[in-house]
Amino acid sequence: MIRIGMIGGSGFDDPDFLTDVRIVKKGTPFGALSHDLVIGRVGDIEVVLMLRHGRGHRIRPSAVNYRANIWAMKDLGVTHIIATTACGSLREEIFPGHLVFPDQFIDFTRTRKSTFHEGDQVVHIGMGDPFCARLRDLLIQTAARLDIAHHPTGTVVTIEGPRFSTRAESRMFRILGADVINMSTVPEVVLAREAGICYAAAAMSTDYDAWHHSEEPVTWDVIAATMAKNVDHVKKIFFETVRAIDYEECSCRTAVDAAIV
Ligand SMILES: [Zn+2]
């Protein structure tokens, strides 16, 4: 059975696109969730909504319990996750306000638990294509149909934060091939793959990162203002994509089976 999860970044506190909303408390073997889960419906499709940073954006990116959040989704039978994330743009052509549907990541996190398998079991999961290609395709098709400015591919670099990058770091990430930068995609996407859940992200560009000399150094106020304008776009895409998801079988489901040593 198909069940959809949405992980909302900043700006999704009010799940007004869901009906029949109920709140579900859930414990996990990995500790507490970011908040009680919100389960509701888009049409006749049940959707599990999680706000990554808790209500009112209280949890900093390094402190998000990614393992608990993904485990809870899995336990509720979620098969597909669409995640939203604010990001900085590392490319001139990715204007603030544009969406990017990343197909690759670069991991610059340092302190996060990025596997469910810490015991005796050694799991080397393949990560050549970290995002679910079919789910990405649906997001891209939806954005195109709704005529929302977007980039169908991109490499996201996830940094530890909570500070933003120096100009030197920002320039380095450009040289490394990153297109956008955030603090949350890794390890969320990795854990989803371990859990056998299809995962794709809609990254909202909110600002040019520090590399861009026309920019004042990025501040939270700038990000929040751009995001407020663009959350509606992401909600529209989410609303349409949820209804377009028509496949259950996917290589994402079984990736972990081949990875256990
Ligand atoms: Zn998949």
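Just so it is clear, none of the values below were taken in a lab; they were calculated from the coordinates. Because the structure is predicted, anything quoted here is derived from the model rather than measured. Here the Cβ is made from the backbone with ideal geometry for all residues, glycine too, and neighbour counts use every protein chain on show.
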So how do 142-151, 16-25, 128-137, 45-54 stack up, highest first, on mean other-Cβ count within 10 Å?
-> 45-54, 128-137, 142-151, 16-25
Rounded to the nearest 5, the percent of DSSP beta bridges in the chain running antiparallel is 35 percent
The farthest towards the positive end of the charge dipole of the chain, of the residues Ser251, Ile148, Ala86, given +1 on Cβ of Lys and Arg and -1 on Cβ of Asp and Glu, is Ala86
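So which of Lys74/Lys235; Lys25/Lys235; Lys26/Lys229; Lys74/Lys229 end up more than 30 Å apart by C-alpha? Kindly include the intermediate steps, with their values, before the conclusion.
On the way: Lys74/Lys235 23 Å; Lys25/Lys235 24 Å; Lys26/Lys229 32 Å; Lys74/Lys229 32 Å.
Table pairs above 30 Å Cα-Cα are Lys26/Lys229; Lys74/Lys229.
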Full-extension gain in nm, Thr28 to Ala225, via 0.36 nm per residue minus C-alpha separation | 67.5 nm
